[in-house]
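Trainee: Provided herewith is a single structure, encoded as structure tokens, for subsequent inquiry.
Bear in mind these aren't lab numbers, they're just calculated from the coordinates by the rules spelled out. This one's a predicted model, so the numbers in the text were calculated from it and none came from an experiment. Note that each Cβ is placed from the backbone with ideal geometry, even for glycine, and that neighbours are counted across all protein chains shown.
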Amino acid sequence: MQVRILGCSGTIAKDCRTTSFLLGEHVLVDAGTGVGQLTLEEMQRVEHVFLTHSHLDHIAALPLLLDAVGARRSRPLQVHALAQTLAALRNHIFNDVIWPDFTRLPTPQAPFVQLSPLGVGDVFACAGITLEVLPARHSVPAVGYAARGGGGWWVYSGDTQGNEPAFWRRVNALHQDGGGVAALLIETAFSNAEADLARRSQHLSPGALAQELDALQAGSAPPPIYITHTKPREGRLIMREVQALPLGGLQPIDLQSVSTLQV
């Protein structure tokens, strides 16, 4: 399975796009500004969007994607998320004030988008990809995801300030399954100097990341760790602090330096 890193920044700047990953050709995980990297033809091929939570940097391009290719599609785009995230989309985006209500346009019988609730532990088979919903803890209701590729599992924490033990239990179980975890993406949005802001906004800093990774039972074959959601003005500092952590052989990689992953 090819995973394209369309965007993985914590905010926008030149060459920095917010979170969105394209799994294969038909599945998006999150729909930040990185979606704008796709051509119209590539956007049209997307059939499913899985959202981690309702924050703007993870949904910003969803209404624009629908405007760009909704009329070219033969069936509604399927958007999957927690019920609370879908309610936020209905109330604050598709409300005929911020954006047209594409859940009812061009007609209620054939809308551009359908919103489908999901829950932690749900497993989906979409376009040949098996995708599982993982627990996450953030300032709004949130989830992470794991997707099965031919070489193992791609795991994405979503935004988090200390995942529930259930997240790490499932990650550790996946790492013992078949090809194991082939790539673990975990956010670290702030430097250690802003650890208090990270805690209050329920994001990770390098020090908090180290505590999180203590729960990873990697064994003799630890998975590659990719750091995502860094702020552009602090990205290099964050990575220096992450790489200085005593992580027992783990060597985290800046996801900004990666365009695709094969899992």
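Trainee: When Lys and Arg each count +1 and Asp and Glu each count -1, what net charge do the other residues less than 9 Å away from Gln37, Cβ to Cβ, add up to? Intermediate values should be presented prior to the final figure.
Mentor: On the way: positive: Arg4, Arg17; negative: Glu42.
That sum, taken over residues with Cβ under 9 Å, equals +1.
Trainee: If you take the alpha carbon radius of gyration of the range 109-156 and divide it by 2.2 N^0.38 Å, what ratio comes out, to two decimals? Don't skip to the answer; put the middle values down first.
Mentor: Values: Rg = 13.1 Å, N = 48, 2.2 N^0.38 = 9.6 Å.
Against the empirical 2.2 N^0.38 Å value, I get 1.36 for the range 109-156.
Trainee: Still on this structure, I have one more. Quick one: of the DSSP bridges fully inside the range 1-124, what percent are antiparallel, nearest 5? Present the calculation step by step, with values, prior to reporting the outcome.
Mentor: Values: 10 of 22 bridges.
Here the antiparallel bridges make up roughly 45 percent for the range 1-124.
Trainee: Right, here's the next one. Long-range amide H contacts for Gly144: which residues qualify at under 5 Å (H placed 1.01 Å from N, peptide plane, sequence gap of 5 or more or a different chain)?
Mentor: Leu134, Ala136
Trainee: Go ahead and estimate [θ] at 222 nm for the chain from helices alone: -39,500 (n - 2.57) per DSSP H run with n ≥ 4, summed, over the residue count, rounded to 500.
Mentor: Numbers: 8 runs with 62 residues, N = 263.
Rounded to the nearest 500, the figure is -6000 deg cm²/dmol.
Trainee: Could you give the spread of the C-alpha atoms of the range 113-262 along their three principal axes, from largest to smallest, in whole angstroms?
Mentor: Computed over the range 113-262, the largest-to-smallest principal extents equal 42, 38, 30 Å.
Trainee: Where both residues lie in the range 2-262, what percent of DSSP beta bridges are antiparallel, nearest 5?
Mentor: Details: 28 of 50 bridges.
Antiparallel bridges make up about 55 percent of those DSSP assigns within the range 2-262.
Trainee: Taking every Cα atom in the range 2-262, find the radius of gyration and the maximum pairwise distance Dmax, and write them in Å.
Mentor: According to the Cα coordinates of the range 2-262, Rg and Dmax are 17.7, 56 Å.
Trainee: Viscosity 1.002 mPa s, temperature 20 °C: give me the Stokes-Einstein translational D for the range 194-263 in µm²/s, with Rh taken as the Kirkwood radius over C-alpha pairs.
Mentor: On the way: Rh = 13.1 Å.
The diffusion coefficient I find is 164 µm²/s.
Trainee: For a quick size check, give me the Cα extents of the range 10-128 along its three principal axes, largest first, whole Å.
Mentor: Principal extents (Cα only, largest first): 39, 33, 28 Å.
Trainee: Does the range 147-214 come out rounded, prolate or oblate by the C-alpha gyration tensor, with a ≥ b ≥ c the root eigenvalues, rounded set by a/c under 1.5 and, if not, prolate when a/b is larger than b/c and oblate if not?
Mentor: Details: a/c = 2.88, a/b = 2.38, b/c = 1.21.
Prolate.
Trainee: How high is the relative contact order of the chain, in percent, with contacts defined as C-alpha pairs under 8 Å that are six or more residues apart?
Mentor: Details: 589 pairs, mean separation 44.3, N = 263.
Contact order relative to length: 17 percent.
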